[in-house]
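Participant: Would you mind keeping the following structure in view while I ask a few things?
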Amino acid sequence: MRGVHRQLSALGRTTWMINELDFHWTQRHPDLLLDLVDSGECIGVHDHLDTHYAESYALALDLIRQSKSTLEGFYRREGRSVAVRSHRNGCALQSEAWYRALKDVGYSEVSDVWPGVAWSGRMVCDGPPPNPWRRLEAGDLGAIAMDNLMVPLTALPWRHDPANWLDYHSRSGSFVQVPITSMPLIDRQRFEQAADNGRPLAFLLVDTHPYDMQDPSTGEVTPERLQKYKASLEWVRQTFQAEFIRLDQVDGLLPS
């Protein structure tokens, strides 16, 4: 993925949400974490609070503090000054308790709302390698239901507080919510609809994971998936004359 970004001259224009709670990036991938900040990328945290069954404010607060302090502490020890202010909940799940905890530890940019979509989520680890994780679907015991159908695809990022994350008309609050246009790769129809109806300004966010570049049966990165990823980014840039930006740059571009 970094190679694709380099080919497209997009290094320093991406936000990387690190799942430290489940995958311990500071221990397993320290060189990559340093390379990300040294090339100008935005570093955030991807807390899968669902995998830890953090259904109370107290437990969410404890886990959120843990992941944020671990990541910031790693960079501090390595001589980098990195303030982690961007956050993404696992499975794009939303709750007032989680947003209260995020506010209390100092997060400011979030990206969880999926306009016009209702879904169920929660990740569980119970399968064989190379990918033992699976997402609980609607009807599974323990799945968490989300409903963002009321939010239009053309909604600009909005500011909100812990209790009103679906109020896309809000222009004040602790967070900037940058809604997800498509996942895991680019949905061209959604992009075209958002751009056609959202002029003169549209924010189109793709939520993509490193494992989207891997063959699910072997775990190997495949050239075909990388090429598809590259082609999708090229299509966005060429079709909409789009500019790639980091999540921490969004607030400065929003209308008052």
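Every number in this text was worked out from the coordinates using simple rules, so none of it is lab data. The structure displayed is predicted, hence computed values, not measured ones. With ideal geometry, Cβ positions are generated from the backbone for all residues, glycine too; neighbour counts draw on all protein chains shown.
Participant: With Kirkwood's inverse mean 1/r over C-alpha pairs for Rh, give me the Rg to Rh ratio of segment 180-256, two decimals please.
Facilitator: We get a ratio of 1.03 for segment 180-256.
Participant: Another question, then. Would you pull out the residues with amide H under 5 Å of ASN89's amide H, same chain only if 5 or more places away, H placed 1.01 Å from N?
Facilitator: Placed amide hydrogens put SER111 under 5 Å from ASN89.
Participant: Now for a separate question. What nm distance separates the two modelled labels at ASP31 and GLN241, each placed 7 Å from Cα along Cα→Cβ?
Facilitator: In this crude spin-label approximation the distance works out to 4.2 nm.
Participant: Summing +1 for each Lys or Arg and -1 for each Asp or Glu, what net charge is found among the other residues whose Cβ lies under 9 Å from the Cβ of THR181?
Facilitator: Combined, the nearby Lys, Arg, Asp and Glu give -1.
Participant: Using the number of other C-beta atoms within 10 angstrom as an exposure proxy, rank VAL221, VAL113 with the fewest first.
Facilitator: Result, fewest neighbours first: VAL221, VAL113.
Participant: Further question on the same structure: If the reach is capped at under 30 angstrom between alpha carbons, list the lysines near LYS68, excluding any in the same chain fewer than eight residues apart.
Facilitator: LYS103
Participant: In segment 1-96, what is the volume of the convex hull around the alpha carbon atoms, normalised per residue and reported in Å³?
Facilitator: Spelled out: Cα convex hull of segment 1-96, divided by residues, is 103 Å³.
Participant: A follow-up question, please. Which residue, ILE18, ILE144, ILE64, has the most motion in a Gaussian network model of the chain that connects Cα atoms within less than 10 Å?
Facilitator: Checking each option, the largest mean-square fluctuation is seen for ILE144.
Participant: Count the net charge of all other residues whose Cβ sits under 13 Å from the Cβ of GLN241, scoring Lys and Arg as +1 and Asp and Glu as -1.
Facilitator: Combined, the nearby Lys, Arg, Asp and Glu give 0.
Participant: On to the next question. Which residue, TYR53, TYR107, TYR229, has the most motion in a Gaussian network model of the chain that connects Cα atoms within less than 10 Å?
Facilitator: Answer for the Gaussian network model of the chain: TYR53.
Participant: Taking a ≥ b ≥ c as the square roots of the eigenvalues of the Cα gyration tensor of the chain, is the shape rounded (a/c under 1.5), prolate (a/b larger than b/c) or oblate?
Facilitator: Rounded shape, in that the Cα axes give a/c under 1.5.
Participant: Next question, about the same structure. Arrange the following residues from fewest to most other Cβ atoms within 10 Å of their Cβ: SER56, SER67, SER256.
Facilitator: Result, fewest neighbours first: SER256, SER56, SER67.
Participant: Separate question: Rank the residues HIS52, HIS24, HIS87, HIS46 as a footprinting-exposure proxy: fewest other Cβ atoms within 10 Å of their Cβ go first.
Facilitator: Fewest-to-most ranking of HIS52, HIS24, HIS87, HIS46: HIS24, HIS52, HIS46, HIS87.
Participant: Sticking with this one: Using a 7 Å offset from the Cα along the Cα-to-Cβ direction at both ASP126 and ARG100, what is the distance between the two label points in nm, to one decimal?
Facilitator: 3.0
Participant: Please enumerate, by chain and number, the aspartates and glutamates with C-alpha under 20 Å from the C-alpha of LYS230, excluding those fewer than 8 residues away in the same chain.
Facilitator: GLU41, ASP187, GLU192, ASP207, ASP212, ASP215, GLU220, GLU243
Participant: Using the beta-carbon distance between ASP212 and ASP22 and R0 = 22 Å, what value does 1/(1 + (r/R0)^6) give for FRET efficiency, to the nearest 0.05?
Facilitator: Once the sixth-power term is evaluated, E becomes 0.85.
Participant: Sticking with this structure for a sec: Anyone know which of GLU243, GLU96, GLU41 comes out most mobile in the 10 Å Cα GNM of the chain?
Facilitator: GLU243
Participant: Something else now. Excluding GLU109 itself, calculate the net charge of residues whose Cβ lies under 10 Å from the Cβ of GLU109, where each Lys or Arg counts +1 and each Asp or Glu counts -1.
Facilitator: With Lys, Arg at +1 and Asp, Glu at -1, the net is +1.
Participant: P(r) of segment 10-60 in 5 Å steps, Cα pairs, percent per bin?
Facilitator: The percentages, shortest bin first, are 5, 19, 23, 20, 14, 10, 8, 2.
Participant: Pulled fully out, how much extra length does the chain show between VAL221 and ARG135, if you take 0.36 nm times their separation in residues and subtract their Cα-Cα distance?
Facilitator: 28.8 nm
Participant: What is the percent of Cα-Cα separations in segment 113-180 that go past 18 Å?
Facilitator: Across segment 113-180, Cα pairs with separations above 18 Å total 51 percent.
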